[in-house]
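Structure first, then comments.
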């Protein structure tokens, strides 16, 4: 089991390093380790909140670009331009999906970190009404 966890951690680290760079990947892995140890600090929660906001803004920008493309392609009369315009629309659609997945993962992790931090602050016996806290 230990070997599997090590391989999985190495695979996650290599994916993060490829996508975000060495420094960001190390910061993300440290944050992930803190979540599993339940050693979440306030600044970790704040950073995740800011990341969620950044990813949400990027997703909304992609959605706006897609809507502008859809409006522009409707008035296009040239068949070649419509063909390449359709390919552009498919690419925009994929980007929206990627941005939304990234936002969803960050949003889910933010709430997990927030819960862990609140449980750490309040203690194990404190009950939290998560419906009202959200």
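The values are calculated or read from the model by the stated rules, or taken from the named source; none is laboratory data. Since the structure is predicted, the reported quantities are computational estimates derived from the model, not experimental observations. Don't worry about glycine lacking a Cβ; one is built from the backbone with ideal geometry, like all the others, and counts go over all protein chains shown.
Among the helices (runs of 4 or more DSSP H) confined to region 33-134, the ones with at least 1 residues that are modelled with pLDDT under 90 and under 24 Å from residue 20 (Cα atoms) are located at 42-74, 79-122.
Scanning region 41-48 finds no residues that are farther than 23 Å from residue 116 by Cα and in contact (Cβ under 8 Å) with a residue 40 or more places away in the chain.
Looking at this structure, is residue 18 within 17 Å of residue 102 (Cα to Cα), at pLDDT below 85 and part of a helix (DSSP H, G or I)? Against the criterion (within 17 Å of residue 102 (Cα to Cα), at pLDDT below 85 and part of a helix (DSSP H, G or I)), residue 18 qualifies.
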